[in-house]
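**Q** Please see the structure below; I have some questions.
The values are calculated or read from the model by the stated rules, or taken from the named source; none is laboratory data. Everything quoted here is computed from the prediction, not taken from an experiment. Don't worry about glycine lacking a Cβ; one is built from the backbone with ideal geometry, like all the others, and counts go over all protein chains shown.
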Amino acid sequence: MKTLNGKKSGYSYTRSWMQMHCFGLIPSSVAKMSSGQSKIFLGNIFHCQNDPAKKQLYRISNEQGGFVIVKRSKIMAIGRKEDLEQARAQHLADEQDVMVTVLSDRQLLIPGFVDTHIHAPQYPNCGLGYDKPLLEWLQAYTYKLERKYRDLEYSRKVFNAVVRRTLNHGTTTACYFASLFQDASLILVDAVLKYGQRAFIGKINMTTLAPDDYVETPEETIKLTRKFIESVRSKDCELVEPIVTPRFALSLEMDSMIELGQLVKEYNVNVQTHISENTDEVKQVNSKYGLPYANVYDKAGLLTPKTVLAHGIYLTDEELSLLSQRGSSVSHCPDSNTCLKSGMCDVRRLFSFGIKVGLGTDVSGGASPSIVSAMRSALATSINLSFGQKNYKPLNYLDVFYLATLGGAEDVKQKQNWSSTTQ
Ligand SMILES: O=c1[nH]c(=O)c2nc[nH]c2[nH]1
């Protein structure tokens, strides 16, 4: 077996991690490449972990010369080189064929990124149509594109491309809004399984506020969601989980949202939706339901510890307290918040309420499917917020690295065996 050369790397991670590759900790992709061969990676490892004392949001672990052991697509152990032999004996004792990869000092192993909010069908519109605010943008560009996914060949083409592209950007876990259409949504499931990404995939629920040929009836939306959940679960695969996906509070009536809340309980599934993204949207929600935005979802039973809410720019203190009580988390989508001129989300304020936060590209509200790009936008938004507030401490590189990795994993509540670095 090869050994580490023991040299110090001298690699300045705070300065240069944004330029680097995401090398490893992509267990599912590793598995695809070599059908279950066990592997050991040796090199510098950089990742966030929870602080056991809970005094800080995360602590950085920077192993100069560490190892990762991968056995049949699962990360079995991560540690320091002096513990490698013992870990190898424990996890790979009966393995004859182990591939060992030694990284150079200029390479770094980091966890895969988690995109906590991305609309797969909107991928062809990336970078287009930012001359309108949210509600007009939906009508002028977004629904028109999303309607096309009745065409399953088109769906296959786009969804394969989205999954390949996000994996190339280092996104190993994604929380996808799929299509209104069940069959198209299942094609996204197939694409994710084909390329070995892990994902939460939701068939969108929408019965109103869109063109007549692009909504479902209240009966259909529940029936087809149940069918979608059962179809995904019947694939019996670890990589993909269904997620209940009411588009936003203006897309449905309360009765339908309550029924979705019942499905969430019945199947113990995650939930994703939008919240408080745009001032006109918030006003319309308040006047439609006579309730604050977060309370609308709460009334429907949709605020759970497995709920991810995208945006959350205009939530009041009372709403943030409610989210915190329910254990629901927020997907921060800074690029989209800028492109659609929605506003600036104050992540530090969310943290102060004890709310978990991850990062979302929000394609195509956001112009890029890259989480590194979302990290840059998160930094820019936070710096812009600091201009108006004395003593405001903007997010730094490590904070946005946390949001893109461990923060995102906590947002979507990954299962224990999904990635040992993100627990
Ligand atoms: O950024 C967004 N993208 C969408 O597709 C959407 N639908 C409702 N609210 C939304 N916000």
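**Q** Taking only the stretch 274-285 into account, find how many residues are in contact with a Leu (Cβ under 6 Å, 6 or more places away or on another chain) and assigned to a strand (DSSP E or B).
**A** So the count comes out to 1.
**Q** Across the stretch 242-259, what is the number of residues that are within 12 Å of residue 285 (Cβ to Cβ) and among the small types (Gly, Ala, Ser)?
**A** 2
**Q** Checking residue 130 against (1) surrounded by fewer than 19 Cβ atoms within 10 Å (Cβ to Cβ); (2) in contact (Cβ under 8 Å) with a residue 24 or more places away in the chain; (3) of a type in the set (Phe, Trp, Tyr); (4) assigned to a helix (DSSP H, G or I), which single condition isn't satisfied?
**A** The failed condition is (4).
**Q** Now for a different question. For residues that are surrounded by fewer than 24 Cβ atoms within 10 Å (Cβ to Cβ) and of a type in the set (Gly, Ala, Ser), tally how many sit in the stretch 343-376.
**A** So the answer is 7.
**Q** Within the stretch 311-368, count every residue that is in a helix (DSSP H, G or I) and of a type in the set (Lys, Arg).
**A** Going through the stretch 311-368 one residue at a time, the tally reaches 3.
**Q** Where residues in the stretch 228-248 are of a type in the set (Asp, Glu) and at pLDDT below 95, which of them is surrounded by the fewest Cβ atoms within 10 Å (Cβ to Cβ)?
**A** Among residues in the stretch 228-248 that are of a type in the set (Asp, Glu) and at pLDDT below 95, the one surrounded by the fewest Cβ atoms within 10 Å (Cβ to Cβ) is 236.
For every residue, the table says whether it meets (1) among the charged types (D, E, K, R); (2) more than 16 Å from the ligand (Cβ to nearest atom); (3) more than 25 Å from residue 120 (Cβ to Cβ); (4) out of contact with any strand residue (DSSP E or B) (no Cβ under 8 Å at 6 or more places or on another chain).
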site	(1), (2), (3), (4)
318	yes, yes, yes, yes
323	no, yes, yes, no
330	no, no, no, no
349	yes, yes, yes, yes
353	no, yes, yes, yes
368	no, no, no, yes
407	no, yes, no, no
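**Q** Another question about this same structure. So for the stretch 101-115 (the condition being of a type outside the set (Asp, Glu) and within 16 Å of the ligand (Cβ to nearest atom)), does at least one residue qualify? Give the steps one after another, and end with the answer.
**A** We begin by selecting, within the stretch 101-115, every residue of a type outside the set (Asp, Glu); these are 101-104, 106-114.
Cutting the leftovers down to within 16 Å of the ligand (Cβ to nearest atom) gives us none.
No.
**Q** Then there's this: So, in the stretch 255-283, exactly how many residues are within 28 Å of residue 201 (Cβ to Cβ) and either among the aromatic types (Phe, Trp, Tyr) or within 16 Å of the ligand (Cβ to nearest atom) (or both)?
**A** Qualifying residue count, the stretch 255-283: 14.
**Q** Moving on. Are there any pairs, at least 6 apart or on different chains, whose C-beta atoms fall under 8 Å, with the first in the stretch 74-88 and over 12 Å from residue 41 (Cα atoms) and the second of a type in the set (Gly, Ala, Ser) and assigned to a strand (DSSP E or B), and if so, which?
**A** 87/77; 87/79
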